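To start, the structure under review is shown below, and the notes come after it.
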Amino acid sequence: MKSERVLVDGQLHVKHWQNVVSQTLSYMRQMLEEQPDRRFVIGLAICFDEMIILLSDRSGILATSAPININKEPLSFIRVIAGLRCMTPEQLGWDTGMKLYKPLDGERYDLQCSYAADEELKKKDRYHRHWVFDVVVEGSTRQYLSVRVLSALGLGEMCGRATIVYEVIEFEKRFKPTETFALKRYWRPLGNDESGEVNAANTKEASTYPSEGQIYEILNQGHIIAQHDITVSAEVDNTFTTIRHGLVPKVTQVAPGHVLPPAEDVLRENSEDAENFLHLTLTSPRVESKYCLELYKRPKRHEIVARVHTQILMPVGYVVKFFCDLRELIWVLYGCSMDYSHAYGKLIVHRDISIGNVMIFPTAADPAKTRGRLMDFDHAKKANDSRDLVCASVPSQSDLFEIKLVMQLVRGSLAYLRESNDLVVADEVIEELFRWVPQKRALDYIKEVIDVRKRHFGLDLEKLEGPLTLAHLGWDHDKIEKCPDFSTRVPRNGERTGTLPFMSADVLNKRWTWPVGSDMPPFNHDAVHDMESLLWVLTYLCLTRRGPGMHMLREELDIGHASYDSTGTGKLYQAVHTYFEAKEDNLKEAKAKLILLKVFEEEIVPLFHPYFEPLKPLVIQWFATLTLAYMHRGYEYYNIHHLVTCLLKKTHDALPIPAQPDPATTEELQRRETYRQRGLQFFIEMGTVDMPPSPAFTSARYHPVTNPEASASDDSPETPTETVEKSVRMLTDLLISGSCSSEHGQ
């Protein structure tokens with residue numbers, strides 16, 4: 001029996017509690033994955049003559065504190081079964097705000113809930129069903145009809161956001177639509193109060209922990225069309241209040257020989273191994289419980305993260321790896337860098353820049369013209385206030401004499417950097433230098449900057465006419481006086497800091513890779529780390545792609561190609577694995593080595609595909625600027641987003657416009673237009689048109705290319721997960737044999 005048709009999961013076992021509970025949870029997870037309109041699942045596990053009740057939502061697992069003995073407490077067992085039969089669809093976990101669309105003759109149609117759908121609709125998997133959603137836009141409720149699923153990989157997350165993205169059109173315009181949209185539905189985490197308990201009232205949420213939709217509204221840059229929390233029975237769908245009704249499991253007794261860790265040792269979702277751990281929180285388990293699972297044997301315990309069901313309506317974009325040419329690729333990265341600079345000015349740090357968050361969007365006036373957007377701010381953090389930059393402090397009068405001596409020393413030392421005659425340094429350079437670093441590090445810092453500009457940016461001191469100015473050092477941008485202040489912000493439950501393959505070395509190691517002095521502030525995720533992540537996105541494309549558009553994975557990495565590196569010993573294969581797909585500990589070491597030994601140019605850049613040859617100077621300059629930022633925490637550190645933006649703009653303007661477009665470019669543009677037109681005509685020609693492969697893929701998921709067994713082909717659209725064909729046992733058959741009573745609306 002397919003999990004997409006199960007109302008309540010039940011498992012009967014006559015051997016061990018461990019087996020029956022594990023199997024029940026496995027089926028409950030499958031139900032959440034295969035039923036996109038399911039908010040939570042109720043399960044029953046029976047072993048011998050005892051039964052426990054489980055509830056699985058996106059905050060984890062709840063279970064009854066003790067088994068119900070069916071022989072000794074038959075009325076309790078009957079109440080459970082009768083209660084399940086009398087529950088409304090909402091009480092059984094369905095989202096009744098989304099219904100299946102069934103076209104009839106002409107313009108007639110039928111909307112059906114999935115639990116009461118006819119056999120024709122039940123036979124379709126989640127990728128071939130079309131849903132109608134209620135979305136609040138500008139204060140009024142509108143209906144949108146799904147054309148296809150863009151991403152459903154997140155539905156398998158038991159504890160997490162469980163993101164699913166649909167491509168939709170306006171329901172009323174389904175036969176004459178003018179554009180398609182992306183509808184993102186997910187479970188966003190809430191903040192905590194000062195006591196660390198789940199904050200049901202959530203009074204500080206908007207200011208201290210704004211949601212992704214609220215951040216888009218703060219940015220006010222047209223990223224989205226609408227955002228709101230989903231309601232069930234006129235209440236916001238919240239795992240803590242609506243689903244669990246305020247029940248917060250607390251362990252009061254544990255199995256003999258096990259001691260609870262202190263509160264500060266609680267394992268949070270951003271802790272190592274937390275994302276992959278299915279945590280079970282049992283309410284006050286008795287010491288003699290037969291089903292006391294392995295939870296209490298772990299060195300740490302998990303805390304509950306309350307989540308709210310949310311949806312965001314936005315334009316449809318194309319994932320960046322399907323760029324149409326180099327100019328578009330750099331233009332898209334430039335647009336993302338501009339978005340980042342704007343967000344940073346609003347005291348927002350993205351913290352999850354990855355290949356799935358850098359998107360190509362057609363312009364409204366001309367779909368053939370595109371721009372880049374930085375999306376998925378659901379892991380972003382926002383400061384409530386700004387602070388003065390952490391740089392050299394204003395000197396006191398007693399220090400002025402010493403500083404003047406140091407300035408003279410710096411001038412004298414720099415004068416000898418030119419052989420023909422003494423190098424003259426403009427006063428503005430000396431003033432800016434001492435603004436960023438203390439005097440004891442000033443000379444080393446400016447010498448390093450000059451050396452980088454000479455090696456990578458074309459600075460030639462011998463041909464320099466006039467004094468050395470701020471422009472020669474790249475210091476001629478508008479001065480930044482303030483930056484976001486996160487010193488008083490307490491991390492909320494469930495926070496993460498990035499997508500592993502694109503994380504910076506600092507974030508991976510959770511410390512400064514290159515400490516500068518003994519007065520370093522505590523480590524925190526800053527703009528420099530996001531700009532490194534953006535560089536890793538570009539580097540990944542240059543290493544793994546061989547041109548524009550779809551189906552352009554390099555032959556050495558394509559398991560279906562004759563040139564595939566099946567031994568995994570080639571330099572390219574090794575580089576992609578080492579810097580993107582290795583285990584976390586290995587990634588930490590490898591990326592830190594690139595910074596500390598400055599070997600990025602030697603080890604990675606030569607492996608770029610020849611198509612990306614024009615981008616090598618950009619990548620080298622970008623990494624050199626990041627290294628300066630990490631080494632000295634000077635001008636480059638605090639202005640990194642502006643420097644990267646300028647590098648991208650300069651590179652874009654220098655790329656030639658080809659007289660004749662590349663055939664792959666033409667093919668990609670035609671495919672985009674074909675996809676757009678068929679999406680608009682889908683419901684006009686429903687059943688006669690096959691949708692082409694989609695360049696629109698708004699998931700932040702990363703698919704390994706050096707481990708083909710872990711995922712489908714790099715360019716393959718998502719396919720339904722294989723359902724387990726085992727029969728659900730006797731109790732499950734009993735529970736789902738009949739539909740719920742009609743008086744409850746089924």
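By a 1.4 Å probe calculation restricted to protein chains, residue 120 has an accessible surface near 110 Å², given to the nearest 10.
When nucleic acids and ligands are ignored and a 1.4 Å probe is applied, residue 127 ends up with an accessible area of around 40 Å². Scoring 475-487, 559-571, 585-597 by mean Cβ neighbours within 10 Å over their residues and listing the highest first yields 585-597, 475-487, 559-571.
Between residue 141 and residue 65, the modelled labels are 3.8 nm apart [label points 7 Å from Cα along Cα→Cβ].
Please tell me which of these pairs span more than 25 angstrom C-alpha to C-alpha: 440/588; 588/650; 321/482; 321/593; 184/649; 99/124?
Details: 440/588 31 Å; 588/650 32 Å; 321/482 35 Å; 321/593 27 Å; 184/649 31 Å; 99/124 14 Å.
Violating the 25 Å Cα-Cα cut-off are 440/588; 588/650; 321/482; 321/593; 184/649.
Taking all protein chains together, 347, 190 sort by accessible area into 347, 190, largest first [probe 1.4 Å].
Here the spin labels are modelled as points 7 Å beyond Cα on the Cα-Cβ line, and at residue 123 and residue 646 they lie 6.5 nm apart.
Using 0.36 nm times the number of residues separating residue 236 and residue 574, minus their current alpha carbon distance, what extension gain do you get? The partial results should precede the final answer.
Numbers: separation 338, 0.36 × 338 = 121.68 nm, distance 4.84 nm.
This chain segment gains 116.8 nm when fully extended.
Multiplying the residue separation of residue 440 and residue 559 by 0.36 nm and subtracting their alpha-carbon distance yields 37.4 nm.
Which residues in the range 501-516 place their backbone N less than 13 Å from a point set 7 Å from the Cα of residue 448 along the Cα-to-Cβ direction? Inside the label zone: 513-516.
Determine the order of 212, 613, 465 by accessible area, beginning with the largest, at a probe radius of 1.4 Å. The partial results should precede the final answer.
Numbers: 212 5, 613 95, 465 170 Å².
The residues order as 465, 613, 212, largest area first.
List residues of the range 621-640, by number, whose backbone nitrogen lies under 16 Å from a label position 7 Å along Cα→C-beta of residue 478. Inside the label zone: 639-640.
Modelled this way, with points 7 Å down the Cα-to-C-beta line, the labels at residue 603 and residue 49 are 6.6 nm from one another. Accessible area per residue was computed with a 1.4 Å probe on protein heavy atoms; residue 64 scores about 40 Å². Each 5 Å bin from zero up to the one holding the largest Cα-Cα distance in the range 590-687 carries the following percent of pairs: 2, 10, 14, 14, 14, 11, 9, 8, 8, 5, 3, 1, 0. Zone of residue 514 (label point 7 Å along Cα→Cβ, backbone N under 13 Å): which residues in the range 588-602? Residues 592-601 qualify, since their backbone N sits under 13 Å from the label point. Here r is the Cβ-Cβ distance between residue 228 and residue 173 and R0 is 25 Å; the resulting FRET efficiency, rounded to 0.05, is 0.75.
Based on the Kirkwood approach, the hydrodynamic radius assigned to the range 24-99 is 13.4 Å, with every pair of different Cα atoms included. In percent, rounded to a whole number, the relative contact order of the range 532-689 is 21, using alpha-carbon pairs under 8 Å and six or more apart.
Compared with the rule-of-thumb size 2.2 N^0.38 Å for a compact globular protein, the range 28-147 has a Cα radius of gyration ratio of 1.35. Remark: the residue 463-residue 366 segment gains 30.3 nm on full extension, using 0.36 nm per residue and subtracting the alpha carbon distance.
The values are calculated or read from the model by the stated rules, or taken from the named source; none is laboratory data. The structure presented is a predicted model; accordingly, all values stated were derived computationally and were not measured. Cβ sites come from the backbone with ideal geometry, for glycine too, and all protein chains shown count toward neighbours. Quick note on the areas: whole protein, heavy atoms, side chains included, nothing else; ligands and nucleic acids left out. Shrake-Rupley method; radii C 1.70, N 1.55, O 1.52, S 1.80 Å.
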